[in-house]
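Undergrad: There's a structure below that I have some questions on.
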Amino acid sequence: MHAINYESPKTIAEAVKLLAAHGEKARPLSGGTDLIIQLRAGTRRPEFVVDVKQIPELHRISFSLQHGLHLGAAVSCIELHENADMRRYYPGLTEAAHLIGSLQIQSRASVGGNLCNGSPAGDATPALIALGAKARVVGPNGERIVPVETFITGPGRTVLQPGELLVEFLIDAPAKHSSDAYLRFIPRNEMDIAVVGVGGALTLDLDDDRVVDARIALGAVGPTPIFAAEASKSLIGKKFDAAAIENAARLATSVATPIDDMRGTAEYRRHIVGVLTSRVLTIAAERARHNEQR
Amino acid sequence: MVKKVIVEATINGDPVELLCEPRQSLLEVLRDELELTGSKEGCLTGDCGACTVIVDSRPVCSCLMLGVEAAGKNITTVEGLATGATLHVLQQKFLEHASLQCGICTPGFLMSAKSLLDHNPTPTEADIRYALAGNLCRCTGYDKIVKAVIDAAKHVADGVGTTHHGKVPRKSASEATRDMLGKGEEVK
Ligand SMILES: Cc1cc2nc3c(=O)[nH]c(=O)nc-3n(C[C@H](O)[C@H](O)[C@H](O)COP(=O)(O)OP(=O)(O)OC[C@H]3O[C@@H](n4cnc5c(N)ncnc54)[C@H](O)[C@@H]3O)c2cc1C
Ligand code: FES
Ligand code: FES
């Protein structure tokens, strides 16, 4: 690895100042499970590594039914999974975080790093998009809120400008009878990169089993994670039945733009998008029916 | 020219001052600076788990953590398992079940298994296989490793074994630090 300088600021302001001062030469470090590999491989060569894990705002999980969720960018996947509110109110995002790597990786890997790394196959990203998560970004020119579905702009690229820091995710508290789910397909049980990942969130009206709100997001089937807008919209106002699920799955498949690679052919991946979309919607609906909170 | 940084941490129960370059991984610092060579280097990409150590009660790939990130942390390496000449129950069970052949994966498996038992003293076989999924072994076929951990868990549950930290047997981390601090402050 090339020589680096290491800083570990305690506040957002200090971190942004460091990042802004060094521009392209600086890089935030969260769990390092992507970044340290990239430093060693020489694919990223920052001179300044700014460890963001000492900053309290990046480290908190704060949830209430009134104010929703503040999920710090640097919260590790293990901490997320161990949090009772996360498991109860955001089971889909929690299961996505819990799929990332081994326990050794989850002890360090953060959801913020998963997004900022810009991989189209990151497991947390579709789950965040399904929940309508917004990223709070702070930079030298102040703060901005970015919907997660527009955060990644290409493989390894994001909207972040030099000097900007992802601070936290803002997610609404789940409405009554709503829930989420995430599934990925890999050829083995653990420790692999998604061939396809699908996140889904649903709100139901149990009086007539109609869909009040729906969001579907796809991973690993395009240059960026994809918010399947048409598929999501197709469900809203409809009765939640087999025909509606099948229609949404078909629409989700139609926005996937996968490639052929060693993990699977494009045709196969499109097929899997449909299968996983149906399953994710079914699981999310089952969870939503039992969500009496609020 | 990058200055070495002094990092204070606790390693295997000993408070130590590490002198390291920011670019050094925790694994490099442990092996090359502190001469704690129990943690092994396999892939350097987080896949094999041979470098697993426990940092503040979590299993971590020391190849994917910078040495400077160890500041203020409590770290246990495989050298911290035994108490003097008495092996940790996991080490004992690995020997009894012949859970190693070449042995390069063993320190990592031991640390992952210790972390599991620290969090969950009564794991199921599925819990054990899940907790060990980040450790690769190309010799044993895993079964003997899993059996050793099941057996060790039984002993821990019966109050026979211990999961307490022992002292570093050969050379304590603080001794190693003193040697290292004598090595000079800067590198090219
Ligand atoms: C063995 C192994 C298995 C893996 N398995 C999976 C898997 O199954 N699924 C999966 O999705 N991923 C997997 N990964 C990838 C990786 O663990 C995740 O992408 C992880 O979530 C990244 O988070 P991190 O905290 O480690 O990020 P880091 O490596 O610290 O950072 C990643 C990138 O984001 C930037 N960054 C980090 N935090 C911020 C911030 N707050 N603001 C701005 N920029 C920031 C960094 O500069 C860097 O470019 C695996 C990795 C390994 C090594
Ligand atoms: S050497 Fe660290 S995981 Fe392989
Ligand atoms: S004993 Fe040789 S790799 Fe496990």
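Undergrad: From B:Asp32, B:Asp47, grab the single residue that is part of a helix (DSSP H, G or I) and within 16 Å of ligand 2 (Cβ to nearest atom).
TA: Testing whether each residue is part of a helix (DSSP H, G or I) and within 16 Å of ligand 2 (Cβ to nearest atom) leaves just B:Asp32.
Condition check ((1) outside the structural domain of A:Gly112 (by TED's automatic domain parsing); (2) touching a residue at least 24 places away in the same chain (Cβ under 8 Å); (3) part of a loop (DSSP other than H, G, I, E, B)) across all residues:
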position	(1), (2), (3)
A:Ala15	yes, yes, no
A:Pro28	yes, yes, no
A:Gly32	yes, yes, yes
A:Thr43	yes, no, yes
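Undergrad: Same structure again: Could you look through segment B:86-110, keep only residues that are assigned to a loop (DSSP other than H, G, I, E, B) and without any contact (Cβ under 8 Å) to a residue 12 or more places away in the chain, and pick out the one that is farthest from ligand 3 (Cβ to nearest atom)?
TA: So, considering only residues that are assigned to a loop (DSSP other than H, G, I, E, B) and without any contact (Cβ under 8 Å) to a residue 12 or more places away in the chain, the one farthest from ligand 3 (Cβ to nearest atom) is B:Leu87.
Undergrad: Among the residues in segment A:220-233, are any surrounded by fewer than 22 Cβ atoms within 10 Å (Cβ to Cβ) and touching a Lys or Arg at 6+ places or on another chain (Cβ under 6 Å)?
TA: no
Undergrad: Could I ask something else about it? Of all residues being more than 6 Å from ligand 1 (Cβ to nearest atom) and more than 11 Å from the chain's Cα centre (by Cα) in segment A:96-120, which is surrounded by the fewest Cβ atoms within 10 Å (Cβ to Cβ)? Just the residue, please.
TA: A:His98
Undergrad: Out of the residues in segment B:111-125 that are touching a residue at least 12 places away in the same chain (Cβ under 8 Å) and open to solvent by 10 Å² or more (accessible area, probe 1.4 Å), which is nearest to ligand 2 (Cβ to nearest atom)?
TA: The qualifying residue nearest to ligand 2 (Cβ to nearest atom) is B:Leu116.
Undergrad: Same structure again: Considering each of A:Ala21, A:Ala96, A:Ala15, A:Ala26 in turn, give the residue that is modelled with pLDDT of 95 or more, hydrophobic (A, V, I, L, M, F, W, C) and farther than 22 Å from B:Lys3 by Cβ.
TA: Just a single option satisfies the conditions, and that option is A:Ala96.
Undergrad: Can you confirm whether A:Glu57 is in a helix (DSSP H, G or I), touching a residue at least 12 places away in the same chain (Cβ under 8 Å) and out of contact with any strand residue (DSSP E or B) (no Cβ under 7 Å at 6 or more places or on another chain)?
TA: Against the criterion (in a helix (DSSP H, G or I), touching a residue at least 12 places away in the same chain (Cβ under 8 Å) and out of contact with any strand residue (DSSP E or B) (no Cβ under 7 Å at 6 or more places or on another chain)), A:Glu57 does not qualify.
Undergrad: Identify, from the list A:Pro162, A:Pro155, the residue that is in contact (Cβ under 8 Å) with a residue 12 or more places away in the chain, open to solvent by 10 Å² or more (accessible area, probe 1.4 Å) and either in contact with an Asp or Glu (Cβ under 8 Å, 6 or more places away or on another chain) or within 25 Å of A:Phe63 (Cβ to Cβ) (or both).
TA: A:Pro162
Undergrad: Can you tell me how many residues in segment B:39-51 are away from ligand 3 (no atom under 13 Å from the Cβ), open to solvent by less than 50 Å² (accessible area, probe 1.4 Å) and within 7 Å of chain A (Cβ to nearest Cβ)?
TA: Final tally of qualifying residues: 2.
Undergrad: Looking at this structure, is B:Leu136 closer than 30 Å to A:Leu35 by Cα, within 16 Å of ligand 2 (Cβ to nearest atom) and surrounded by fewer than 22 Cβ atoms within 10 Å (Cβ to Cβ)?
TA: It is true that B:Leu136 is closer than 30 Å to A:Leu35 by Cα, within 16 Å of ligand 2 (Cβ to nearest atom) and surrounded by fewer than 22 Cβ atoms within 10 Å (Cβ to Cβ).
Undergrad: So which residues in segment B:85-110 are open to solvent by 70 Å² or more (accessible area, probe 1.4 Å) and either within 16 Å of ligand 2 (Cβ to nearest atom) or within 14 Å of another protein chain (Cβ to nearest Cβ) (or both)?
TA: B:Cys102, B:Ile104
Undergrad: How many residues does segment B:17-38 contain that are touching a residue at least 60 places away in the same chain (Cβ under 8 Å), open to solvent by less than 10 Å² (accessible area, probe 1.4 Å) and within 21 Å of A:Arg40 (Cα to Cα)?
TA: Selection size over segment B:17-38: 1.
The values are calculated or read from the model by the stated rules, or taken from the named source; none is laboratory data. Note that the structure is a prediction, hence the values are computed from the model and not measured. As a convention, Cβ positions derive from the backbone with ideal geometry for all residues, glycine included, and neighbour counts pool all protein chains shown. Ligands, DNA and RNA are stripped out before the accessible areas are found, and what is left, the full protein with its side chains, is counted by its heavy atoms. Shrake-Rupley method; radii C 1.70, N 1.55, O 1.52, S 1.80 Å.
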